[in-house]
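This report concerns only the one structure given below.
The values are calculated or read from the model by the stated rules, or taken from the named source; none is laboratory data. This is a predicted model, so every value here is computed, not measured. Cβ atoms come from the backbone with ideal geometry, glycine included; neighbour counts cover every protein chain shown.
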Amino acid sequence: MISARGGYFDGKSSLRRDVVISLSDNLLFVTGDGVDLRVPVGEVRVTPPVGSVRRSLRLPEGGICEMEETALIDRIEDLTGKGKSVRLLHRWEKSLTRAFVALLVTAAVVWGFMKFGIPWLATRVAFAIPPATEKVLGRQTLAALDKVLFAPSRLPADRKKTLVSRFRATAASFPTIDATRLEFRSGEKIGPNALALPSGIVVLTDELVKIAKNDDEIVAVLAHELGHVERRHTMRHILQSSATGLVMVTLTGDILSVTSLSATLPTALVEAKFSRDFEREADDAAARYLRTNGIPLRRFADILQRLQTEYDKKRGKGKQEEETFAGYLSTHPQTRERIERFMGKGN
């Protein structure tokens, strides 16, 4: 039998009673000063150790026992199967070195989840979105962009027809894309630009068509955007940026709830800076298409450089609107690095 002296509170008043607390045969005995209790150990809850705060035993009827002696508490925890884990945790808590190590481990786990776990989940969810849901997202996103960013295209009908024909021929080289369509818009606020929206919608601005020296340059940009479509980069980026929503979608399996992202997609699409991995994947897709179809890789490099020049001009104007929607290069950074890498692929 293990015994210890302590105080007892009945949970109804603040009166403290001196008692003897004993443990025998999985029963806890509390006796003294008008108190005579017998409680199964399994019904006793031990408060966790916190620094040097006195620990207590909480009894089923609301009573509380306090004591200085910890041997009896350790025995109760051993009988309930919690002794080793509680004492180990307490030792870590009292050790500054161990607490710091635990903090580093926690930070590493969080970093690892953000670095690898979130992108992995985003990829799974992006490729699991039903086509019907993606169509709704694409339609709503384009409608929102038309209200705040775009104006009707001023390109002649025959010019549009020519570019649509080239776009369809390009899209045919991406067999994993179910459906695509090319949309023309005037984009004075963002300048030369091309955007890949959900459901395979690619938006091409009049300004980009204007600065292109030939249609092969435009096709190179379209192939790049189709690379984004093929790899679901837009949805993956938005999902990665909304980590909480992504985790909830993954846990609940409610893929349809991603339609709630349609309110944030327009701004996110224009201001998004795709990761280098995303850009490289899209650049690689463009390079494969150009090589396969005998188009010099220089076509993409040339228009990238021209787009960079246009972007620098707009950035230099200092207008707030143009700073916010800075154009194609605002979402496609590291131009020089990309050109060098792209041209290293041949041609």
- Query: Out of (1) over 22 Å from the mean Cα position of the chain (by Cα); (2) under 24 Å from Glu230 (Cα atoms), what's the single condition that is false for Lys189?
  - Reply: (2)
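Part of a loop (DSSP other than H, G, I, E, B) and more than 22 Å from Thr309 (Cα to Cα) - does that describe any residue in the stretch 211-226?
no
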- Query: Taking the condition assigned to a helix (DSSP H, G or I), at pLDDT below 80, surrounded by 11 or more Cβ atoms within 10 Å (Cβ to Cβ) and outside the structural domain of Glu183 (by TED's automatic domain parsing), does Pro119 pass?
  - Reply: yes
- Message: Looking at the stretch 7-20, I want the residues that are closer than 13 Å to Glu66 by Cα and in the same structural domain as Arg54 (by TED's automatic domain parsing) and have a partner that is assigned to a strand (DSSP E or B) and basic (Lys, Arg) with Cβ atoms under 7 Å, at least 6 apart or on another chain. Which pairs are those?
- Response: Gly7/Arg17; Tyr8/Arg17; Val20/Arg5
- In the stretch 152-184, anything among the small types (Gly, Ala, Ser) and either under 32 Å from the mean Cα position of the chain (by Cα) or under 22 Å from His224 (Cβ atoms) (or both) is listed as Ser153, Ser165, Ala169, Ala171, Ala172, Ser173, Ala179
- Task: Kindly indicate whether Ala220 is in the same structural domain as Gln240 (by TED's automatic domain parsing), of a type outside the set (Val, Ile, Thr) and in contact with a Phe, Trp or Tyr (Cβ under 8 Å, 6 or more places away or on another chain).
- Result: yes
- Item | Residue in the stretch 146-153 that is surrounded by 14 or more Cβ atoms within 10 Å (Cβ to Cβ), in contact with a Pro (Cβ under 9 Å, 6 or more places away or on another chain) and of a type in the set (D, E, K, R) present | yes
- How many residues, within the stretch 191-223, are buried (at least 21 other Cβ atoms within 10 Å of the Cβ), touching an Asp or Glu at 6+ places or on another chain (Cβ under 8 Å) and among the hydrophobic types (A, V, I, L, M, F, W, C)? 7
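Show me the helices (runs of 4 or more DSSP H) found entirely inside the stretch 33-115 where at least 1 residues are modelled with pLDDT under 80, in contact with a strand residue (DSSP E or B) (Cβ under 9 Å, 6 or more places away or on another chain) and closer than 23 Å to Val19 by Cβ. Write out each step before concluding.
Values: elements: 71-79, 83-94, 96-112.
Where helices (runs of 4 or more DSSP H) fall fully within the stretch 33-115 and carry at least 1 residues being modelled with pLDDT under 80, in contact with a strand residue (DSSP E or B) (Cβ under 9 Å, 6 or more places away or on another chain) and closer than 23 Å to Val19 by Cβ, they are 71-79.
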- Task: Under 9 Å between Cβ atoms, at least 6 apart or on separate chains: pull out the pairs that start in the stretch 301-320 with a residue that is closer than 22 Å to Gly344 by Cα and at pLDDT 85 or above and end on any residue that is in a helix (DSSP H, G or I) and of a type in the set (S, T, N, Q).
- Result: Leu304/Thr335; Gln305/Thr335; Leu307/Thr335; Gln308/Thr335
- Query: Restricting the stretch 190-208 to residues that are out of contact with any helix residue (DSSP H, G or I) (no Cβ under 6 Å at 6 or more places or on another chain) and of a type outside the set (A, V, I, L, M), which is farthest from Lys161 (Cα to Cα)?
  - Reply: Glu207
